[in-house]
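Just so it is clear, none of the values below were taken in a lab; they were calculated from the coordinates. Everything numeric here is computed off the predicted structure, so don't read it as measured data. With ideal geometry, Cβ positions are generated from the backbone for all residues, glycine too; neighbour counts draw on all protein chains shown.
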Amino acid sequence: MFPVPGKLEIKNLAVEVGGVRVLHNIHLTVPPGEVHVLVGPNGSGKTSLLATIAGYPQYRVVSGSISYDGTDLLPLGLTERARLGIGLLEQRPPTINGVKLRLLLDYIGGDDPERKRFIEDLIKETDHAHLVDRNIHEDLSGGEIKKAGLLLLLARQPHFAMMDEPDSGVDMDSITLLCQLMNRLLSPEREHPAKRRTGLIITHSDVILGRVSTDKAHVMIDGRVLCGGNPRIIMKKIRESGFDSCVDCLHQGE
Ligand SMILES: Nc1ncnc2c1ncn2[C@@H]1O[C@H](COP(=O)(O)OP(=O)(O)OP(=O)(O)O)[C@@H](O)[C@H]1O
Ligand SMILES: [Mg+2]
């Protein structure tokens, strides 16, 4: 079941949603097996970027390209991209009334005994049995929604895993479990922790960075990826001086 880590490559991407240009001239590469972090102020376009990669049709690509493992994603719809192994834990996963989480997990397990066993073990180990008989995300607390969403993402075993603020609204005790799940997703072979899935995580805090190994952070402001570098150094700088320091730092380089 080990995934095939591929390279995500975005070139010169511009995107409109609701008739408004939200992403401008984005260049971003996540090499195979690396996990990158996307940070930026509210409304800067982080979720829009992940939704565009996943293939949500309301995000209209005006120019540029997105490829994964050499495959051009733009001609592919949401479902085809999911089949290719592109996975997303959404910032606000939708409620699906009348569909229990168990039904979706059974569907994901399909006829594959190994995957079915993996999903059952996952439910037991994470103590999530109480969530699987609930309708998907309906009346779940904020933290439970993130846990259920991450369980679904893990069950799918995507080749490329995107997570949009997996830690927001999650209490400090549950963060431990959440980070364990994230590590399990990103480093699926316990004996070979260096064998990693390709990933892209949005977060506003550095809680995850202390517990999940990440390779690079990118700063997004006003729909543009301004710079990238060591995640801990970038988060420290932002914590101390805010996002304005990123703009200043960039201008110094001009
Ligand atoms: N469907 C839509 N219709 C109109 N505007 C939209 C739509 N989706 C997003 N936007 C706008 O695009 C901009 C970027 O939103 P986005 O959700 O990508 O920001 P974000 O960086 O994820 O912010 P946050 O940190 O608050 O989650 C915002 O101004 C938002 O209002
Ligand atoms: Mg967002």
Practice item. Rounded to whole Hz and in sequence order, give me ³J(HN,Hα) for segment 185-200 from the Karplus expression 6.51 cos²θ - 1.76 cosθ + 1.60, θ = phi - 60°, writing x for Gly and Pro. Key: 5, 7, 10, x, 9, 4, 6, 10, x, 7, 7, 10, 7, 7, x, 9
Practice item. Have a look at ILE136, ILE96, ILE108 and tell me which one the Gaussian network model of the chain (Cα, springs below 10 Å) gives the largest fluctuation. Key: ILE96
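Of the DSSP beta bridges with both residues in the chain, give the percent that are antiparallel, rounding to the nearest 5. Intermediate values should be presented prior to the final figure.
Numbers: 23 of 40 bridges.
The antiparallel proportion sits near 60 percent.
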Review point. Full extension from LYS236 to ASP133: what is 0.36 nm times the residue separation minus their Cα-Cα distance, to one decimal in nm?
Key: 33.0 nm
Revision key, fill the gap. What helix-only [θ] at 222 nm does the chain give? Using -39500 (n - 2.57) per DSSP H run of at least 4, over all residues, to the nearest 500, the answer is -10500 deg cm²/dmol
**Study point:** About the Cα centre, charge dipole magnitude for the chain (Lys/Arg +1, Asp/Glu -1 at Cβ), debye
**Key:** 300
Review point. So which aspartates and glutamates can LYS237 reach, going by Cα to Cα under 14 Å and dropping same-chain residues fewer than 8 places off?
Key: ASP206, ASP248
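For the residues TYR107, TYR59, what sequence is obtained by ranking on other C-beta atoms within 10 Å, fewest first? Let's see the in-between values first.
Details: TYR107 10, TYR59 20.
Final ranking by Cβ density, sparse to dense: TYR107, TYR59.
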Exercise for review: For helix 231-241, report the angle its Cα long axis makes with the longest principal axis of the Cα atoms of the chain; keep it between 0 and 90° and round to the nearest 10°.
Suggested key: 60
Study note, to complete from the structure: With label points set 7 Å from each Cα along the Cα-to-Cβ direction at ARG60 and LYS11, the distance between them in nm comes to 2.5
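Take the residue pairs LYS100/LYS147; LYS195/LYS236; LYS195/LYS216; LYS100/LYS195 and return only those whose Cα atoms are more than 22 Å apart. Let's see the in-between values first.
Values: LYS100/LYS147 15 Å; LYS195/LYS236 27 Å; LYS195/LYS216 17 Å; LYS100/LYS195 33 Å.
Pairs exceeding 22 Å: LYS195/LYS236; LYS100/LYS195.
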